[in-house]
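Written below as structure tokens is the structure these notes are about.
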Amino acid sequence: MAWDPTTSLEALAAAGVALWTWCPAENAIRFTGATRALGLGPLAPECTPAAFSALAMPQDRALAEQLFRQQDEGAEIALRMRMRGGEACLWRGVWLEDGLRAAGVVAVESRFGGAGKDALTGLLDRRSFLIRVAEALIHPGDYELVVADLDRLRRLNEALGHDRADLVLAALAARLASAFPDDCAAARIGEDEFAIIIRSGPVRPSDQMRGALEQPLRVAGFDIYPTLSIGAVRAEGGPDAPDAAELLRRAELAVEQAKTVGRGGAAAYGRALESDSLSRLAMESDLRNAFVRGEIEPHYQPIVNLETGAVAGFEALARWRHPKRGLVAPDEFLTLAGEMGLMNDLGVLMMRTASRQLTEWIGRHPAAANLFVSVNLSTGEIERHGLVQDVARIIKEAGLRPGALKLEVTESDIMRDTNRAASTLQALREAGASLALDDFGTGFSSLTYLARLPFDTLKIDRYFVLTMTQDEGSAKIVRSVVALGRDLSLEVVAEGVENAGLAEQLMSVGCHYGQGFGYAPALAAQEAEVYLHESLADGYAPIKARSR
């Protein structure tokens, strides 16, 4: 059936939806569709802004004026208004043609999917929250918009699985809804972000939110202790109130500031944060150029054979040598690289550079012919199209023996799609890479699949190694992982070896390799070669004495 104008009008009317266009130059707003059902009948098909405002409910006339406020092309419109004799309607649209006109749709609020509710929590979604913020700020008074970011949601997803982590989010949402009155418009505005808008009062809403949400809860047999990073911004309602989206941006900027102090931080918006934000933009530009200028380089942490004391290999860890700031903290630029979508580029760079470096070392030190280098695959990289081909090409170009390039994969990456991961891992083995399962012992599903996945190495998380002398539970986990590795013919590497005492304890339970600051931190390539040379000359890698 052809969609002629008559058919389109009938469809709109049947759906209870109307289209609108607003042309400031003509001082006219036009309607098409279910105008009568929406309370717009007296205005259709065309009216002036004055007539439109006159038909709006008195308390919503300030919102009506916002509809006619001219904006730049691409600016979105999202309002919730009632016309006389009609139900509450949502107006959504966008400014077009260099801001010469705006167009959009209007429908009864319940017509929009889920009535603007987040499907998981039942709270308002981000768009509906912005509408409610705009409504609140129409009225004079002092307001505070608060955003709370759940710390370490990714870690919860890895440890509990997405379904159980969703239970945590749903429980926190229920607490938020019960802690504040309905007019505070409790919302879930992001995967791990909650927000409210509230009139300022004697109790700080950020403290009230923390008190409500940072209570322990039990999910699937596990005790969870949530912590929040909270940002807040104050605003005065009335004719000069800030735009709702701008106010939310300021609160989220404060959240980012709160995160810099660690878990459970809090910050209030201030002009200084805008300068920090501009600094971040500069950092993003610098990081993108760093790949071109060769400022990203591997540093190498020794991995030592515990039985012989010889250096067996190195783990290559990314470092950014900024021309003005020096070495940038890895947590700072790796997070930024992830947000900018640069992690795949970083992975290829690290594999290529580390493989070439290993070839050079072996060429200059024939006694180290069996040396290997480990490179971490970033989150999701195992699913990247072209990974296997890149690895095969890098190994061939560097002239490495099979297994000399070891790729470290986290359990969370495997558990997203185990069958696909198994296929990719097998292809990587066939391409000449060896494979290590990183941070083993921190998840819950590895044992189910470990026997059929083509790993040759397990890496014990450093937490268990560091605490094994004080915590019998950690010691049992270390012994169990070592025994499991030997039963499955897998080599075991213990991270976090800080001193000779830990090395001896690991060796006594049969652990193959150790890695940690007890031997050396991650070293620049030249320093790592000096360390290798001296270890070869002495016959063993030096290690710090037993801690007291």
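Residue-by-condition table, conditions (1) over 30 Å from PRO366 (Cβ atoms); (2) in contact with a Cys (Cβ under 9 Å, 6 or more places away or on another chain); (3) of a type in the set (Asp, Glu); (4) exposed (fewer than 15 other Cβ atoms within 10 Å of the Cβ):
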position	(1), (2), (3), (4)
VAL391	no, no, no, no
PRO402	no, no, no, yes
LEU405	no, no, no, no
ASP413	yes, no, yes, no
ALA427	yes, no, no, no
LEU435	no, no, no, no
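From the list ALA367, ALA392, pick out the single residue that is farther than 27 Å from GLU495 by Cα, assigned to a helix (DSSP H, G or I) and not charged (D, E, K, R). Residue meeting the stated conditions: ALA392. Counting just the residues of segment 72-96 that are among the basic types (Lys, Arg) and over 32 Å from the mean Cα position of the chain (by Cα), which one comes out surrounded by the fewest Cβ atoms within 10 Å (Cβ to Cβ)? The extreme case among them is ARG84.
Restricting attention to segment 170-207, and to residues there that are among the acidic types (Asp, Glu) and under 24 Å from the mean Cα position of the chain (by Cα), which single residue is most open to solvent (accessible area, probe 1.4 Å)? Don't jump to the end; show me each part of the working.
Taking segment 170-207 as the starting set, the residues that turn out to be among the acidic types (Asp, Glu) are 182-183, 191-193, 207.
Next cut, under 24 Å from the mean Cα position of the chain (by Cα) only: 191-193.
Working: GLU191: 114, ASP192: 38, GLU193: 26 Å².
Checked segment 170-207; the qualifying residue most open to solvent (accessible area, probe 1.4 Å) is GLU191.
Would you check if there is a residue in segment 345-364 being crowded, with 20+ Cβ neighbours inside 10 Å, part of a loop (DSSP other than H, G, I, E, B) and not charged (D, E, K, R)? No, there is no match, as no residue in segment 345-364 is crowded, with 20+ Cβ neighbours inside 10 Å, part of a loop (DSSP other than H, G, I, E, B) and not charged (D, E, K, R).
Starting from segment 327-341, keep only residues that are closer than 11 Å to LEU287 by Cα and open to solvent by 40 Å² or more (accessible area, probe 1.4 Å), then list their pairs with residues that are hydroxyl-bearing (Ser, Thr, Tyr) and modelled with pLDDT of 85 or more whose Cβ atoms are within a distance under 9 Å, requiring at least 6 positions of separation or different chains. Listed pairs, sorted by first residue: LEU334/SER378.
Scanning segment 222-244 for residues that are closer than 18 Å to ASP207 by Cβ, among the β-branched types (Val, Ile, Thr), under 21 Å from the mean Cα position of the chain (by Cα) and open to solvent by less than 30 Å² (accessible area, probe 1.4 Å) returns a single hit, ILE230.
Among PRO239, PRO226, which is assigned to a loop (DSSP other than H, G, I, E, B), on the phi < 0 side of the Ramachandran plot and modelled with pLDDT of 85 or more? Lay out the reasoning, then the answer.
On the way: PRO239 fails: modelled with pLDDT of 85 or more.
The match here is PRO226.
Where in segment 121-181 are there helices (runs of 4 or more DSSP H), lying fully within it, with 3 or more residues that are under 21 Å from MET209 (Cα atoms)? Reasoning before the result, please.
Working: elements: 126-137, 153-160, 162-179.
Answer list for segment 121-181: 126-137, 162-179.
Filtered by the rule that a residue be open to solvent by less than 40 Å² (accessible area, probe 1.4 Å) and in contact with a strand residue (DSSP E or B) (Cβ under 7 Å, 6 or more places away or on another chain), segment 22-43 gives TRP22, CYS23, ALA28, ILE29, PHE31, GLY33, ALA34, THR35, LEU38, GLY39, LEU40, LEU43.
Just one of the numbered conditions (1) closer than 28 Å to GLU65 by Cβ; (2) among the charged types (D, E, K, R); (3) surrounded by 13 or more Cβ atoms within 10 Å (Cβ to Cβ) is not true of ARG210; which one? With (1) closer than 28 Å to GLU65 by Cβ; (2) among the charged types (D, E, K, R); (3) surrounded by 13 or more Cβ atoms within 10 Å (Cβ to Cβ) applied to ARG210, the lone miss is (1). Look at segment 158-180: where a residue is of a type in the set (Phe, Trp, Tyr) and a partner is open to solvent by 60 Å² or more (accessible area, probe 1.4 Å), sitting 6+ places away or on another chain with Cβ atoms under 9 Å, you get PHE180/GLN208.
Count of segment 245-267 residues, restricted to those that are touching a residue at least 12 places away in the same chain (Cβ under 8 Å) and either in contact with a Phe, Trp or Tyr (Cβ under 6 Å, 6 or more places away or on another chain) or open to solvent by less than 60 Å² (accessible area, probe 1.4 Å) (or both), is 13. Of all residues in segment 110-124, those that are modelled with pLDDT under 65 and either of a type in the set (Ser, Thr, Tyr) or touching an Asp or Glu at 6+ places or on another chain (Cβ under 8 Å) (or both) total 2.
Give the residues of segment 69-107 that are touching a strand residue (DSSP E or B) at 6+ places or on another chain (Cβ under 6 Å) and of a type in the set (Gly, Ala, Ser), sorted by residue number. Listed by number, the residues that qualify are ALA75, ALA78, ALA88, GLY93, ALA102, ALA103, GLY104, ALA107.
The values are calculated or read from the model by the stated rules, or taken from the named source; none is laboratory data. Predicted model only: the values in this text are computed from it and were never measured. Reconstructed Cβ throughout: ideal geometry from the backbone, glycine too, with neighbour counts over all protein chains shown. The area values use the complete protein model at the heavy-atom level, side chains included, leaving out ligands, DNA and RNA. Shrake-Rupley method; radii C 1.70, N 1.55, O 1.52, S 1.80 Å.
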